[in-house]
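This report refers to the structure that appears directly beneath it.
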Amino acid sequence: MVLFNVSRKDTTPFDGQKPGTSGLRKKVKVFIQPNYLENFVQASFNALTTEKVRGNFLQLVKCF
């Protein structure tokens, strides 16, 4: 069984942040802003539909 730790963060959209890899091709000073990564990941989840993920794997890795 896999256990998940869920955390909730209040955030607001960032100017110019878009789903897809373009959202990750930003200068480091933009990308390291608080909650930038969290917003990107949430936008990616919001874009998923049951039809897109059924029968597939979703792997998330957090590197430090």
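Read-outs: derived from the displayed coordinates by stated rules, not from any lab. Just so we're clear, the structure is a prediction, and the values are computed from it rather than from any experiment. Here Cβ is always computed from backbone atoms with ideal geometry, including for glycine, and neighbour counts include all displayed protein chains.
Annotations for the structure displayed:
- Dipole magnitude of the chain, debye to nearest 20 (Cβ charges: Lys/Arg +1, Asp/Glu -1, about Cα centre): 220 debye
- Answer label, with Cα extents along the principal axes in Å calculated from the coordinates and candidates [x] 34, 20, 19; [y] 32, 25, 19; [z] 37, 24, 22: [z]
- By the rule of a C-alpha distance below 29 Å, with chain neighbours fewer than 8 residues away ignored, the lysines paired with Lys29 are Lys9, Lys18, Lys62.
- Charge-dipole axis of the chain as Lys and Arg at +1 and Asp and Glu at -1 on Cβ define it, positive-most pick from Asn39, Val28, Gln59: Val28
- Crossing angle, helix 36-47 versus the chain [Cα axis fit, 0-90 degrees, rounded to tens]: 40 degrees
- Additional length obtainable on full extension of the chain from Lys29 to Phe14, 0.36 nm per residue less Cα span: 4.1 nm
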